[in-house]
């Protein structure tokens, strides 16, 4: 390991160059046209999903009051209807794009209980149909679910935890899928309970 007192663009470029000379670094693969379009659609989709949440909450709050204003409630209902329509259109476009060249991984992922179509689409787009990775451990590192231990001398800061260094959205979606699987899939539930019984973290 080389330590430096100075951190500039020039020193960073030099460090990267030296690393590439010592290690075999794979060539960068640019995003395909379909991947680029899908990622943009997912960003827009996230913004619409976030907008829909407060609208749904306001509709629920107005209904709980017992005497909601008809003007307010109609406005909220119309807003939610418009958001639902836009979100549905984006979902259909994403599905159409991914089916063009990633039909096989899409079919495989959606065949897994507790894995929704939107989650499957995002996994495929981010991993290029899992072609970016040669091993499962590489995928785990990319998502940020590899176990880490924080230790200094004789002091251990808690037990092992996942690193959380990686794609945050993928990690969140995977957690939700596994959470549902542990509740409704007997095989996954048995594995989960066995891990917890050994003293491992529930997360």
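Just so it is clear, none of the values below were taken in a lab; they were calculated from the coordinates. Just so we're clear, the structure is a prediction, and the values are computed from it rather than from any experiment. Quick reminder, even Gly has a Cβ in these numbers, built from the backbone with ideal geometry, and neighbours come from all protein chains shown.
Tell me the label-point distance for the pair residue 65, residue 163, using the 7 Å Cα-to-Cβ offset, in nm and rounded to one decimal.
For residue 65 paired with residue 163, the spin-label model returns 5.1 nm.
Relative contact order (percent) for the chain, with alpha-carbon contacts under 8 angstrom and 6 or more residues of separation?
Here the relative contact order equals 14 percent.
Which whole-number percentage describes the relative contact order of the stretch 31-101, with Cα contacts under 8 Å and a sequence gap of 6 or more?
48 percent.
Over what distance in Å are the Cα centres of the stretch 1-49 and the stretch 76-109 separated?
28
Per DSSP H run of n ≥ 4, the term is -39500 (n - 2.57); total these for the chain, divide by its residue number, and report the mean residue ellipticity at 222 nm rounded to 500 deg cm²/dmol.
-22500 deg cm²/dmol
To the nearest 0.05, what FRET efficiency results for residue 31 and residue 200 with a Förster distance of 35 Å applied to their C-beta separation?
0.45
Relative contact order (percent) for the stretch 110-203, with alpha-carbon contacts under 8 angstrom and 6 or more residues of separation?
Taking the mean separation of contacting Cα pairs over the length of the stretch 110-203, I get 24 percent.
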